[in-house]
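The values are calculated or read from the model by the stated rules, or taken from the named source; none is laboratory data. All of these numbers come straight from a predicted model, not from anything done at the bench. As a convention, Cβ positions derive from the backbone with ideal geometry for all residues, glycine included, and neighbour counts pool all protein chains shown. Ligands, DNA and RNA are stripped out before the accessible areas are found, and what is left, the full protein with its side chains, is counted by its heavy atoms. Shrake-Rupley method; radii C 1.70, N 1.55, O 1.52, S 1.80 Å.
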Amino acid sequence: MTDRAAPEMADDLAVLGDVLDHAKALSLDIRNGLRDRPAGVLGDEIRNTPLAASGLGAKAALDELIAEYGDGFSASAGPRYLGFVTGGTTPAALAADWLVGALDMNVGIPGDSAATLISVEAHRWLMDLFGLPRAEFDGAFTTGATGANLMGLIAAREWAGEGAGISIAEEGLAAAPPIKVFSACPHSSFVKAARLSGLGAKAIEPVGNVGDTEAMDPAALDATLSAAPRNLRKIVCASAGTVTGTAFDDLPRIAEICRRRDAWLHVDGAFGLFARVVPELAHLCAGVELADSIAVDGHKWLNVPYDCGFYFTRHIGALERASGPLPAYLDVGGDIPFYLNRNTEMSQRFRALPVWATLKAYGADGVCDVVRQNCRHAKMLGDWLEARNDFRLLLPVGLNVVCFQAIAPAGEDPKSFNMRLMRAVNEGGKVVVTPGAYKGEPGIRAAFSNWMTRDDDIAIITAALAAAYDAITG
Ligand SMILES: *Cc1c(COP(=O)(O)O)cnc(C)c1O
């Protein structure tokens, strides 16, 4: 035995420069190949190898990774992955994410590094980016919009209890007054948050839509809230950008109703809040500054790596009371936030750093350019589809999402035809799209959110759609 605690690790540390050079070369190979690598790769079998007693060392381990799994690395961070809303990674965000690992600082507790200070600064920049007054809002970083929705709902839940003189965090929901959540088109992650928060999915009461859109009808909300029993505590979840129809609820009117009816207003703006950054789109999100809590994603339109989201709230105290109290051994004093009291986790990754770096590197204008360009590309694809007689748009392109249907030949079921077309497109490797029904009509959904997408990618996408249509109708 040597007196070194971990000989293999110490040996690797001696050649750390080589190891990191190797990681850099592999990363560059992946990043520079994003345009050519398949946009999606079908999953293969799960390997069932046993854990080895002795290791290979870092460099050989990375080589094994590439040899065994490299073919399965997709270009989901590339310019033509149009499934869900995935975004990519800006160069500054990627570089900063490497530093996160090198630093390995925990932002849960302040007082022993700059990590918490940088997180506060980055969060304030985000408030500036979205036009939210710094003096009125506070918040934290999360693992994504699901985490941000959950934190918004936990704060709302605590507020609901406190309005009836009860701490739900202390007494539990059994002691709470009745609480209901009103929403027109909640994202599945918000339903998940309702389940996790103990309120339950059935606490969500549907509110009618405006016409045949996914947007909430404010008059219907007002009528529902006014008919509610006196002791009911009310939470409203509005949407700033639904995932299929990119509908925006009428936030100024809804906020006014919530104030009048004593309801908490939570806004899910996972990707839609980014409309606020572009002058000609900002009207879509007008009124979001009136919300009590707002959930947003970082790893989508901000183009920082997984995982990253954030929330803003006017009532950070409610959340801190819900998720505290701080045990004595963690109380290091001072007025820097304790992020462990603002999140589900105590120890937290330094996920603010890639946000800080990308905002420092490209500024608000850089974010605006990406959002504007993605919306222009969605419009280009929409115009192409509209001009064809084998495709049709299921609704006009309003932001960055295109929801369309391939027109099935007579006698073919539209749903299975569109799924066949989608598979043919995705198997071609140039593009990934996902299913996207709208108002009962089956279709396909293409969402633009990657900073790398260029005009010539739209030509590749339309060629892939046309070729897939020809192939399956052959
Ligand atoms: C993606 C999304 C979510 C969930 O976000 P995650 O980052 O997957 O946790 C919530 N709401 C909306 C509107 C979304 O688009």
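Annotations for the structure displayed:
- The strands (runs of 3 or more DSSP E) falling completely within segment 137-212 that include 1 or more residues that are surrounded by fewer than 18 Cβ atoms within 10 Å (Cβ to Cβ) and in contact with a strand residue (DSSP E or B) (Cβ under 7 Å, 6 or more places away or on another chain) map to 204-206.
- Every residue from segment 8-51 that is exposed (fewer than 12 other Cβ atoms within 10 Å of the Cβ) and either closer than 25 Å to Glu427 by Cβ or at pLDDT below 95 (or both): Ala10, Asn32, Asp36, Leu42, Gly43, Asp44, Glu45, Ile46, Arg47, Asn48, Thr49
- Per-region count, segment 399-420, residues touching a helix residue (DSSP H, G or I) at 6+ places or on another chain (Cβ under 8 Å) and not hydrophobic (A, V, I, L, M, F, W, C): 4
- Filtering segment 113-136 to residues that are part of a loop (DSSP other than H, G, I, E, B) and either in contact (Cβ under 8 Å) with a residue 24 or more places away in the chain or within 16 Å of the ligand (Cβ to nearest atom) (or both) leaves Phe130, Gly131, Leu132, Pro133, Glu136.
- Selection within segment 303-328: residues that are open to solvent by less than 10 Å² (accessible area, probe 1.4 Å) and part of a loop (DSSP other than H, G, I, E, B). The member of this set that is farthest from the ligand (Cβ to nearest atom) is Asn303.
- The number of residues in segment 97-116 that are open to solvent by less than 40 Å² (accessible area, probe 1.4 Å) and in contact with a Lys or Arg (Cβ under 9 Å, 6 or more places away or on another chain) comes to 3.
- Residues located in segment 359-371, provided they are of a type outside the set (Asp, Glu) and farther than 13 Å from Phe310 by Cβ: Lys360, Ala361, Tyr362, Gly363, Ala364, Gly366, Val367, Cys368, Val370, Val371
- Odd one out for Thr434, checked against (1) modelled with pLDDT under 95; (2) within 21 Å of Lys300 (Cβ to Cβ): (1)
- Residue that is surrounded by 23 or more Cβ atoms within 10 Å (Cβ to Cβ) and either more than 20 Å from Gly144 (Cα to Cα) or among the aromatic types (Phe, Trp, Tyr) (or both), where the choices are Ala408, Ala357, Ala361, Ala378: Ala378
- Residue in segment 215-230 that is within 16 Å of the ligand (Cβ to nearest atom), at pLDDT 95 or above and either closer than 27 Å to Pro177 by Cα or buried (at least 16 other Cβ atoms within 10 Å of the Cβ) (or both) present: yes
- Residue check: Arg37 meets all listed conditions (1) under 29 Å from Trp451 (Cα atoms); (2) assigned to a helix (DSSP H, G or I) but one, namely (2).
- Members of segment 198-227 found to be acidic (Asp, Glu) and without any contact (Cβ under 8 Å) to a residue 40 or more places away in the chain, listed by number: Glu205, Glu214, Asp217, Asp222
- The residues of segment 268-302 that are open to solvent by 10 Å² or more (accessible area, probe 1.4 Å), of a type in the set (D, E, K, R) and within 19 Å of the chain's Cα centre (by Cα), listed by number, are Asp268, Arg276, Lys300.
- Restricting segment 231-247 to residues that are among the hydrophobic types (A, V, I, L, M, F, W, C) and open to solvent by less than 30 Å² (accessible area, probe 1.4 Å), the residue that is farthest from Met151 (Cα to Cα): Ala247
- All positions within segment 228-284 that are over 30 Å from Asp369 (Cβ atoms), outside any helix (DSSP H, G or I) and free of Cβ contacts under 8 Å to residues at least 40 places away in the same chain: Arg230, Arg261, Leu265
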